[in-house]
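J.: Okay, handing you the structure first.
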Amino acid sequence: MRVLGVESSCDETSAAVISSRDDDATLDSLVILSQDVHAIFGGVVPEIASRAHLAAIAPVVRRALADARCALGEVDAIGVTNGPGLVGALLVGVSFAKALAASLGVPVIGVNHLEGHLFATALEDGAAVPPFTALLASGGHTMLLDVPAWGEYRLLGATRDDAAGEAFDKTAKLLGLPYPGGRHIEALAKEGDPSRFRFPRPMLHGGQRAGDADYYDVSFSGLKTAVLHAVRDAERRGALDEERPHLARAFQDALVETLAAKTVRAAVEKGRTRVVLGGGVACNAALVSAVRERVRAQIGGDAAVFAPSPRLATDNAAMIARAALFHLARGERSDLSLNAFSSMPLA
Ligand code: KG4
Ligand code: ZN
């Protein structure tokens, strides 16, 4: 069976083809077109994103099919992200997928973007399957989930304000770095002295117990404000240039320690020996190694941490096709009334 995946929830127009045989899914092609135009505005401009998707969708799909040496007539089903995301952006992918499916006479299935992120690592590592604890951290979402089986998602905690990627992007802006700022902060932090500044670890303290409202939740807006004050102080001293790497390092250390501690706390509490990371922030090597270290210390050598390669961590259609395959195998289908939704709960 060959599944065409389509993703257009934010600022990446993406298409992918996967083939399945028995329990195995192979990635035949993946095309991701990132809309660089938003860098000028320091954030995604919804209407520009929708129009850029409209211009790109047909060539991106055509290219994914060509790379997979898959003729249109060989597509057995289409999976498309239908939420959560920017509605105008989602509608481009959803309308395109419905029209193509109708013209080919094949089924179409709507996929939750967040569920897609959970499936990303499974495309690269056959062992990245439930039961596991999942941390999804992107520009729009930060959530901690317990996943006993594919299709069963229990939300343990989430951010109360900014998403982790949003915190990276806002802090990057404060430090005068380009958008999106995550990878720039990570690069700069490598040159930073970890003892120069220390920011509070938000919502992380020793006395927390299972059942406390803040046990699994995170919050990053206070951290961003702490960085703002430190930046202003450095500016007053005329020392921002030399402090920049140290500020980036202190910010990243605080955010990473919080996410790693809460993720491993969830794995221990739920008795999971696998941790799956997803979303653009999972590209951050400091986060991945912090989670690995804690898992080794608190769970032991049998436990494993799975992080997708950068191409599959950020928004892509391969993960959408993989999640679609799971639903199609269960006999699920969407009909032509399939719509797009800005918010769409996963759990
Ligand atoms: O999953 P994604 O591509 O799109 C959303 O669904 O939001 O995630 C994008 C986010 C951005 O906020 C970006 O700054 C962040 O992921 N990001 C990183 C890194 N690479 C991307 N954050 C920290 N470290 C990185 N290396
Ligand atoms: Zn995403």
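The values are calculated or read from the model by the stated rules, or taken from the named source; none is laboratory data. Everything quoted here is computed from the prediction, not taken from an experiment. FYI the Cβ positions are ideal-geometry reconstructions off the backbone, even for glycines, and counts take in every protein chain you see. These accessible areas exclude ligands, DNA and RNA; they are computed on the full protein's heavy atoms, side chains included. Shrake-Rupley method; radii C 1.70, N 1.55, O 1.52, S 1.80 Å.
J.: Give me the pairs, please: first residue somewhere in the range 198-209 and touching a residue at least 40 places away in the same chain (Cβ under 8 Å), second residue anywhere and in a loop (DSSP other than H, G, I, E, B) and open to solvent by less than 50 Å² (accessible area, probe 1.4 Å), beta-carbon distance under 8 Å, and either six or more positions apart or on two chains.
T.: Pro202/Ser219; Pro202/Phe220; Met203/Asp214; Met203/Asp217; Met203/Ser219
J.: Oh, and also: Look through Ala248, Ala266, Ala254 and report the one residue that is in contact with a Lys or Arg (Cβ under 7 Å, 6 or more places away or on another chain), crowded, with 21+ Cβ neighbours inside 10 Å and assigned by TED's automatic domain parsing to the domain that holds Trp150.
T.: Going through Ala248, Ala266, Ala254 in turn, just one is in contact with a Lys or Arg (Cβ under 7 Å, 6 or more places away or on another chain), crowded, with 21+ Cβ neighbours inside 10 Å and assigned by TED's automatic domain parsing to the domain that holds Trp150: Ala254.
J.: Can you confirm whether the range 78-95 contains a residue that is within 21 Å of Thr26 (Cα to Cα) and outside any strand (DSSP E or B)?
T.: No - not one qualifying residue is present in the range 78-95.
J.: Now for a different question. Would you mind finding the one in Ala55, Ala99, Ala71, Ala64 that is among the hydrophobic types (A, V, I, L, M, F, W, C) and in contact (Cβ under 8 Å) with a residue 24 or more places away in the chain?
T.: On the way: Ala55 fails: in contact (Cβ under 8 Å) with a residue 24 or more places away in the chain; Ala99 fails: in contact (Cβ under 8 Å) with a residue 24 or more places away in the chain; Ala71 fails: in contact (Cβ under 8 Å) with a residue 24 or more places away in the chain.
The match here is Ala64.
J.: Next question. Of all residues in the range 91-123, which are within 16 Å of ligand 1 (Cβ to nearest atom) and closer than 23 Å to Ser19 by Cβ?
T.: Hits for the range 91-123 are Gly93, Val111, Asn112, His113, Glu115, Gly116, His117, Leu118, Phe119, Ala120, Thr121, Leu123.
J.: Right, another one. Among the numbered criteria (1) buried (at least 18 other Cβ atoms within 10 Å of the Cβ); (2) within 16 Å of ligand 1 (Cβ to nearest atom); (3) in the same structural domain as Leu174 (by TED's automatic domain parsing), which one does Arg294 miss?
T.: Answer for Arg294: the failing condition is (2).
J.: Just wondering, is there one or more residues in the range 286-308 that are under 21 Å from Glu7 (Cα atoms) and modelled with pLDDT of 95 or more?
T.: yes
J.: If you scan the range 256-285, which residues turn out to be over 18 Å from Pro200 (Cα atoms) and within 13 Å of ligand 1 (Cβ to nearest atom)?
T.: Result: Leu277, Gly278, Gly279, Gly280, Val281, Ala282, Cys283, Asn284, Ala285.
J.: Would you pick out the residues in the range 159-182 that are in contact with a helix residue (DSSP H, G or I) (Cβ under 7 Å, 6 or more places away or on another chain) and open to solvent by less than 30 Å² (accessible area, probe 1.4 Å)?
T.: Across the range 159-182, the qualifying residues are Asp162, Ala164, Gly165, Ala167, Phe168, Thr171, Ala172, Leu175, Gly181, Gly182.
J.: Among Ala254, Ala261, Ala250, Ala213, which is the only one that is of a type outside the set (S, T, N, Q) and touching a helix residue (DSSP H, G or I) at 6+ places or on another chain (Cβ under 6 Å)?
T.: It is Ala254.
J.: Restricting the range 49-75 to residues that are outside any helix (DSSP H, G or I) and surrounded by 13 or more Cβ atoms within 10 Å (Cβ to Cβ), which is nearest to the chain's Cα centre (by Cα)?
T.: My answer is Ala68.
J.: Would it be correct to say that Thr133 is in a strand (DSSP E or B), closer than 29 Å to Ala307 by Cα, within 13 Å of ligand 1 (Cβ to nearest atom) and of a type outside the set (A, V, I, L, M)?
T.: So Thr133 does not fit the description; no.
Residue by residue, here is whether (1) within 16 Å of ligand 2 (Cβ to nearest atom); (2) assigned to a helix (DSSP H, G or I); (3) in the same structural domain as Val106 (by TED's automatic domain parsing); (4) surrounded by 19 or more Cβ atoms within 10 Å (Cβ to Cβ) holds:
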{"residue": "Ala318", "(1), (2), (3), (4)": "yes, yes, yes, yes"}
{"residue": "Leu325", "(1), (2), (3), (4)": "no, yes, yes, yes"}
{"residue": "Ala340", "(1), (2), (3), (4)": "yes, no, no, yes"}
{"residue": "Pro345", "(1), (2), (3), (4)": "yes, no, no, no"}
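J.: While we're on this one: Restricting attention to the range 7-46, and to residues there that are within 14 Å of ligand 2 (Cβ to nearest atom) and aliphatic (A, V, I, L, M), which single residue is modelled with the highest pLDDT?
T.: Out of the qualifying residues, it is Ile32.
J.: On to the next question. Quick check, is Phe119 in contact (Cβ under 8 Å) with a residue 40 or more places away in the chain, under 19 Å from Ala282 (Cα atoms), out of contact with any helix residue (DSSP H, G or I) (no Cβ under 7 Å at 6 or more places or on another chain) and open to solvent by less than 50 Å² (accessible area, probe 1.4 Å)?
T.: no
J.: Does Ala187 count as open to solvent by 30 Å² or more (accessible area, probe 1.4 Å), more than 10 Å from ligand 1 (Cβ to nearest atom) and over 15 Å from the mean Cα position of the chain (by Cα)?
T.: No: the conditions fail for Ala187.
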